[in-house]
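Presented below is the structure to which this report refers.
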Amino acid sequence: MAWGDVTPGGPSAVLELDEVVVRKASVGPMDNNAYLLTCRHSGEQLLVDAAADPGRLLALVREGGGGRAPLSAIVTTHRHADHHGALERLVALTGAATLAGAADADHLPVPVDRRLEDGDVIRLGALELTVVALRGHTPGSVALAYREPTSARTPGGDPGRVHLFTGDSLFPGGPGRTLDPESFRSLMTDLTERVLDRFDDRTCVHPGHGRGTTLGAERPQVAGWWARGW
């Protein structure tokens, strides 16, 4: 799914599904994606990566919350500074709980309320988001997996389809940057065992920068990623 072309300072992209509305905005000089998930049943909201520009992110939260700006939680996908530049300010403004991969938690600018491990479940109103640890870009990088209900009826929805919010661990065209062969093997092994072997080709990948993709579009390239070593 190539949904969600956004530019810094531009409007949000909106994806409406049966249980959740996903809003995507680009912030900061590195064109980071921030995703706001709003449960359509409870109104609870979760932000993936408070990357930069707290004013823009607060406006994003207000878009989802009808002006009330409720925000239950902020998940930081990994420790790199361009993914948490606005985290301290957003927490101060909203009181949202902070969540991050256990191995990256001590590297963030705020205390982390919940340290995430592979297989953990985050509940947001009626939604369940499963944590997928993808070690390699950083030791504590995490993705979030949301599965549409089997009864999905919303136009554009797809019963049982998975949406993966991957941070910098998976992009169109390959895995995120790694610093050495061991980290590359770790990330590729986790992507193979925890993503490609688990989810089908319809799975939508929502990365930390740029356009989205699907596992179906990326799967034929995997052997080439292994061969090139990055």
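For segment 1-37, a residue qualifies if it is part of a strand (DSSP E or B), open to solvent by 10 Å² or more (accessible area, probe 1.4 Å), touching a Gly at 6+ places or on another chain (Cβ under 7 Å) and over 16 Å from V162 (Cα atoms), and the qualifying residues are A13, R23. With respect to the conditions (1) out of contact with any His (no Cβ under 6 Å at 6 or more places or on another chain); (2) open to solvent by less than 10 Å² (accessible area, probe 1.4 Å); (3) aromatic (F, W, Y), F165 falls short on a single one, namely (1).
For R62, are the conditions met, namely being open to solvent by 20 Å² or more (accessible area, probe 1.4 Å), in contact (Cβ under 8 Å) with a residue 24 or more places away in the chain, farther than 25 Å from V162 by Cβ and not aromatic (F, W, Y)? Before the answer, list the steps.
Values: open to solvent by 20 Å² or more (accessible area, probe 1.4 Å): yes; in contact (Cβ under 8 Å) with a residue 24 or more places away in the chain: no; farther than 25 Å from V162 by Cβ: yes; not aromatic (F, W, Y): yes.
Taking the combined requirement at face value, the residue does not satisfy it.
Of everything listed in (1) touching a Lys or Arg at 6+ places or on another chain (Cβ under 8 Å); (2) crowded, with 18+ Cβ neighbours inside 10 Å, the single unmet condition for P175 is (1).
Residue selection: R185 fails the criterion of being under 30 Å from R40 (Cα atoms) and surrounded by fewer than 22 Cβ atoms within 10 Å (Cβ to Cβ). Restricting the search to segment 74-92, which residues are assigned to a helix (DSSP H, G or I), open to solvent by 40 Å² or more (accessible area, probe 1.4 Å) and among the charged types (D, E, K, R)? Matches in segment 74-92: E88, R89.
Among the residues of segment 38-73, the one identified as over 22 Å from G9 (Cβ atoms), outside any loop (DSSP other than H, G, I, E, B) and over 15 Å from the mean Cα position of the chain (by Cα) is C39. On the given criteria, is L134 open to solvent by less than 40 Å² (accessible area, probe 1.4 Å), touching a Ser or Thr at 6+ places or on another chain (Cβ under 9 Å) and without any contact (Cβ under 8 Å) to a residue 40 or more places away in the chain? No.
The values are calculated or read from the model by the stated rules, or taken from the named source; none is laboratory data. Please read these numbers as outputs of a predicted model, since none were measured by experiment. Cβ coordinates were reconstructed from backbone atoms using ideal geometry, including for glycine residues, and neighbour counts include every protein chain displayed. Surface accessibility is based on the protein's heavy atoms, side chains included, excluding ligands, DNA and RNA. Shrake-Rupley method; radii C 1.70, N 1.55, O 1.52, S 1.80 Å.
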